[in-house]
1. Quick one: compute the contact order of the chain, relative version, from alpha carbon pairs under 8 angstrom and 6+ residues apart, as a percent.
2. Could you give the accessible area per residue of the range 13-453, probe 1.4 Å, as a whole number in Å²?
3. Hey, can you list the DSSP H helices of the chain whose Cα span along the axis is 27 Å or longer and whose average Kyte-Doolittle score is at least -1.0?
4. Using a Förster radius of 45 Å, what is the FRET efficiency between A347 and N429 based on their Cβ-Cβ separation? Nearest 0.05, please.
5. Counting only protein heavy atoms and using a 1.4 Å probe, what share of the accessible area of the chain belongs to carbon plus sulfur, as a whole percent?
6. Compactness ratio of the range 328-456: Cα Rg over 2.2 N^0.38 Å, N = residue count?
7. In square nanometres, what is the average projected area of the Cα convex hull of the chain?
8. Work out the charge dipole of the range 13-453 with +1 on the Cβ of Lys and Arg and -1 on the Cβ of Asp and Glu about the Cα centre, then indicate which of V401, V441, A174 is farthest towards its positive end.
Amino acid sequence: MSLDAGTAVTMPRVLPFHRALPRLVRDPVTELSKMGTEAGGQVVRIDLGPFRPYLVSHPDHVQQVLKTDWTNFVREGMFWRPLRRVVGHSILGEGEGWASSRKILQPLFTARYTASLGEDMADIIAECIQELDDYARTGRLVDGGYQMTTIVNQAVIKVLFGGRITREASERLAPEFATCATSIGFRLLFPFVPYSVKVPGDRAFLAAVKKIDEIVYPLIEQARQEDTGSKEVVSALIRARIEQDGEADLRQVRDDLVSIYGAASETTAMSLTWLWSVLHEHPDVNARLREEIDEVVGEGPVRPEHVAKLRYLRMVLQELLRLYPSGWIIPRQTVADTEIGGVPIRAGSQVLVSPYATHRLGEFWERPLEFDPERWAPEKAENAERRHRYSYFPFGAGPHVCLGQHLFYLEAPLVIANLLSRYRPVLTNPKRLTPVPGASVRPKEKVMLRLEPVRG
Ligand code: HEM
């Protein structure tokens with residue numbers, strides 16, 4: 001629509017520079033979400049000098065941006081540019097390249113296909129967690145964030161590359177991705193800084209991308225040469241590309257694999273890291289979770305068929321993703337002039353959709369800041385019916401909705417059930433965690449755990 005069409009307009013709430021900047025520098029994730037909740041879900045314009053994004057948190061507006069009017073809100077602009085340097089033009093892109101990747105990848109992440117990878121994933125997760133026995137025996141502390149990242153990385157690498165990658169190579173690959181995810185933080189927070197200006201993290205970021213390529217390209221080449229009909233994503237992706245395009249462009253396959261890896265690992269690992277702090281603060285939830293795992297899994301090993309029976313664990317995860325959605329912000333750029341909730345928005349504007357803010361809106365959630373898995377009890381189905389469809393969207397919504405939901409709800413329970421059936425993790429540095437932005441929201445503080453063996 002044209003902004004000059006004479007329709008009734010609402011002025012956005014504007015957060016002026018002198019108030020917005022100090023808040024965002026101090027505690028960006030919490031403050032950004034507060035800006036949304038203080039406005040009761042109205043569109044807020046945040047004045048950061050050269051950069052003046054609109055913050056969107058009302059579920060109706062979320063629906064408009066991500067679903068009904070999604071072609072006018074694209075993944076371009078300052079926020080996506082830093083990511084583009086690692087993911088290229090792929091499933092995390094936009095336009096034709098994205099559509100072609102989405103069509104090819106979607107069948108590889110259905111509930112059924114994901115389940116077929118479950119046995120392999122359960123094995124590698126169990127193997128990684130057994131390696132923690134040494135910590136449990138000696139009482140050495142475990143860095144929760146680091147361990148969750150390591151375990152999730154191994155699991156995702158297994159899904160992508162199956163037996164094609166050695167444990168040694170996947171252990172080299174994992175930290176490079178971790179570096180990408182953390183070193184991009186400055187660029188995401190201050191996206192208006194031009195690339196000609198070097199900022200903290202740039203050098204580490206580019207070095208990590210180079211190392212990722214050195215490991216990933218030979219694996220793709222190998223998979224292309226020896227098509228064994230195996231299920232892992234790299235082979236299935238190459239087969240699908242050849243079927244669709246007549247050939248598998250190595251660069252395209254690399255971009256999709258790296259994008260999936262990036263989307264899958266950091267988000268899952270960071271959610272699992274928050275969990276230990278949440279369980280520490282909620283001993284009742286912790287006790288009930290342990291009880292369920294004991295009943296369903298016993299002494300283990302945890303197998304994929306256990307997951308569907310771990311109902312309370314699923315509720316805990318749903319609530320975890322409400323309060324700590326690792327995809328905390330979903331940035332878009334407008335193509336044409338438009339309006340959201342009556343607020344006129346010019347073409348080329350940056351729009352920030354924030355699950356972190358929407359999930360905390362008092363207008364849509366009772367006791368929004370309270371961690372309460374009971375909200376998700378299946379017997380309280382009427383809660384879900386009453387809820388606005390777009391008041392909860394940890395996996396995004398619309399055509400770009402996350403491809404990895406089934407994978408997450410298989411992988412995360414496998415990790416948690418494996419850990420809790422072997423150990424009692426005790427948080428040794430309890431402190432309210434401060435969320436900081438990276439590619440996912442992550443805790444600023446370390447989560448240091450002592451693992452007490454469950455059985456002697
Ligand atoms: C806690 C775990 C996860 C969270 C919170 C999460 C969140 C999200 C969100 C918010 C989006 C939407 C992005 C946008 O609209 O621009 C998204 C997209 C995506 N996610 Fe996830 N994700 C998670 C796990 C995974 C996993 C395990 C995979 C593995 C396959 C994955 C793969 C993807 C892909 C490929 C997209 C892009 C889809 C598209 O644009 O068509 N995610 N995710």
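The values are calculated or read from the model by the stated rules, or taken from the named source; none is laboratory data. Since the model is a prediction, treat every value here as computed from it, not as a measurement. When we count neighbours, we look across all protein chains shown, and the Cβ atoms used for this are built from the backbone with ideal geometry, even at glycine. What goes into the accessible areas is simple: the full protein's heavy atoms, side chains included, and nothing from ligands, DNA or RNA. Shrake-Rupley method; radii C 1.70, N 1.55, O 1.52, S 1.80 Å.
1. On the way: 709 pairs, mean separation 127.3, N = 456.
Relative contact order here is 28 percent.
2. Computed with neighbouring chains in place, this is 41 Å² per residue.
3. Qualifying helices: 202-225, 250-281.
4. On the way: r = 48 Å, r/R0 = 1.07.
Efficiency computed from Cβ-Cβ geometry: 0.40.
5. The C+S portion of the solvent-accessible surface of the chain is 53 percent.
6. 1.38
7. Orientation-averaged projected area of the Cα hull: 22.2 nm².
8. V441
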